[in-house]
1. Quick check on my filter: what residues within the range 93-123 are within 21 Å of residue 216 (Cβ to Cβ) and crowded, with 16+ Cβ neighbours inside 10 Å?
2. Does residue 135 fit the bill of being within 16 Å of the ligand (Cβ to nearest atom), modelled with pLDDT of 95 or more and surrounded by fewer than 18 Cβ atoms within 10 Å (Cβ to Cβ)?
3. Hey, does the range 54-63 have a residue that's assigned to a strand (DSSP E or B) and more than 30 Å from residue 268 (Cα to Cα)?
4. Restricting the range 171-190 to residues that are out of contact with any helix residue (DSSP H, G or I) (no Cβ under 9 Å at 6 or more places or on another chain) and away from the ligand (no atom under 11 Å from the Cβ), which is nearest to residue 95 (Cα to Cα)?
5. Mind telling me which of the residues 239, 186 ends up being crowded, with 19+ Cβ neighbours inside 10 Å and at pLDDT below 95?
6. Could you please tell me which pairs satisfy a Cβ distance under 7 Å, a separation of 6+ or placement on different chains, a first residue in the range 164-178 that is over 15 Å from residue 268 (Cα atoms) and at pLDDT 95 or above, and a second residue that is more than 14 Å from the ligand (Cβ to nearest atom) and in a helix (DSSP H, G or I)?
7. Answer yes or no: is there a residue in the range 191-199 that is crowded, with 21+ Cβ neighbours inside 10 Å, within 9 Å of the ligand (Cβ to nearest atom) and within 22 Å of the chain's Cα centre (by Cα).
8. From the set of residues in the range 148-170 that are farther than 23 Å from residue 16 by Cβ and more than 16 Å from the chain's Cα centre (by Cα), which is farthest from the ligand (Cβ to nearest atom)?
Ligand code: KPL
């Protein structure tokens, strides 16, 4: 297939290399002005990819957007003019709500949402490390997206395990719950994920998860407090040595994904008139820091 990866950060670069090694014709679209970018995976020899090539973009059968949630709109809309309506758009990022914001503009295309627990780290623009083996779930965002189940075979062949989830909303909420619990705390405290096992975080974690359970149940997601708590604790342990994405963003004073993580939870809670004071407090604390950096610009 002709595949374009928009936003070759850590996860985008990992998929670009794996899909290219699986025999697909992969090109990149990034902020770099270079027409070609070489990327190596771990200690393998590097692979050259063409970058920002409009012809390659317009020949794409599949375009995978691996930009951050808050970049989805600005990354997607300018590219639509080059794409055939049959081109499949796939979005893979932390958080929820970003694709809903552009739903009407992209509805002519088959649209697929993806969530992954594959972990990657990009120490510089030409190297990527595959730091954790995970799973990827795909599901339809719109009616045309329901015709794209064959993508499971395409992606599975490149980077297993991949599955189709007809209830992708449940998978996205489950990942959102993990991010709501881990990301703001590790960002504000500048600690590793595993540090959250400390007793001093148990009350706040339980309160976050309690609020999440109420909102998710109001959204008709089948879940229970104990199930979510087990899930969050499992990820805290499995990723104990990780620096969460929000910890890194806050360390480098970059814009975080908070609007699409706890912010999305708060917006959904409001819709159902559910109080979520603990998530609201964490959201406000992260925003306060973000605003301070913006004022310094
Ligand atoms: O998705 C993550 C992130 O850092 O954004 C987790 C699962 C918390 C792993 O670090």
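The values are calculated or read from the model by the stated rules, or taken from the named source; none is laboratory data. What you see is a predicted model, and the numbers here were worked out from it, not measured in a lab. So basically every Cβ, Gly included, is an ideal-geometry build from the backbone, and we count neighbours across all protein chains shown.
1. Within the range 93-123, 93, 94, 95, 96, 97, 98, 99, 113, 114, 115, 116, 117 qualify.
2. Spelling it out, residue 135 is indeed within 16 Å of the ligand (Cβ to nearest atom), modelled with pLDDT of 95 or more and surrounded by fewer than 18 Cβ atoms within 10 Å (Cβ to Cβ).
3. There is at least one residue in the range 54-63 that is assigned to a strand (DSSP E or B) and more than 30 Å from residue 268 (Cα to Cα).
4. The qualifying residue nearest to residue 95 (Cα to Cα) is 172.
5. Within the list 239, 186, the selection yields 239.
6. Filtered contacts from the range 164-178: 164/152.
7. Taking every residue of the range 191-199 in turn, at least one turns out to be crowded, with 21+ Cβ neighbours inside 10 Å, within 9 Å of the ligand (Cβ to nearest atom) and within 22 Å of the chain's Cα centre (by Cα).
8. 166
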